[in-house]
Amino acid sequence: RTAYEEMIDRQMELAAGMREWFERSEFFALTAPQTLPILNFRLRGVPEHELEAAHRHFIEEFNRDGRYWISGTHVRGKSVLRMMIISYLSTAEHLAGFQQALEGAAQRVALHAAR
């Protein structure tokens, strides 16, 4: 039981680090408080009426190479992006790579939208 509790604590710590990263991000904003190792977030600067389509496009772009995975859902009727820390093997280094991948996909999507 102790090992299981330690794993959950580690996942919660990693999620708290991601929450702090999202709070500082120029590309993303949290859409709900972080209470589990699940974070809901959205693209910044996208009008609400375009958000669902923008999120679908972003998910496709982000998940394309298969290194990381996010999904989309709705919270209080609004489109959000979702990430979860569920593997007991997840580390801060994995999340640093995840953050870089998120920023890279956001930049690619922004470039595509600007054209």
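Using equal-weight Cα scatterers in the Debye expression, the normalised intensity of segment 1-53 in log10 at q = 0.16, 0.27, 0.28 Å⁻¹ is -0.55, -1.00, -1.04.
Hey, could you get me the Stokes-Einstein D for segment 28-68, Kirkwood radius over alpha-carbon pairs, 4 °C and 1.567 mPa s, rounded to whole µm² s⁻¹?
Translational D for this selection: 113 µm²/s.
Entry comment: accessible area of segment 70-114 is 58 Å² per residue, from protein heavy atoms only and a probe of 1.4 Å. Comparing Ser87, Ser71, Ser25 in a Gaussian network model of the chain where C-alpha atoms under 10 Å apart are linked, the largest mean-square fluctuation is found at Ser87.
Annotation: amide H-H contacts under 5 Å for Ala32 (H modelled 1.01 Å from N, sequence separation of 5 or more, or interchain): Asn40. Computed from Cα positions, the angle between helix 48-63 and the longest principal axis of the chain comes to roughly 60 degrees. Taking only alpha carbon atoms, segment 25-115 gives an Rg to Rh ratio of 0.95, where Rh is the Kirkwood radius. As I understand it, the value is the acute angle between the Cα axis of helix 2-24 and the longest principal axis of the Cα atoms of the chain; what does it come to in degrees, rounded to 10? Roughly 30 degrees between the two axes. For the chain, the longest principal axis of the Cα atoms and the long axis of helix 92-114 meet at an angle of about 10 degrees.
Note on segment 13-115: with charges restricted to the Cβ of Lys and Arg (+1) and Asp and Glu (-1), its dipole about the Cα centre is near 200 debye. Could you check how much of the accessible area of the chain is carbon and sulfur, as a whole percent, using a 1.4 Å probe? Summing carbon and sulfur atoms, their accessible area is 53 percent of the total for the chain.
The values are calculated or read from the model by the stated rules, or taken from the named source; none is laboratory data. All of these numbers come straight from a predicted model, not from anything done at the bench. Ideal geometry is used to build each Cβ from the backbone, glycine not excepted, and the neighbour counts take in all protein chains shown. We work out accessible area using only protein heavy atoms, side chains counted, and drop any ligands, DNA or RNA first. Shrake-Rupley method; radii C 1.70, N 1.55, O 1.52, S 1.80 Å.
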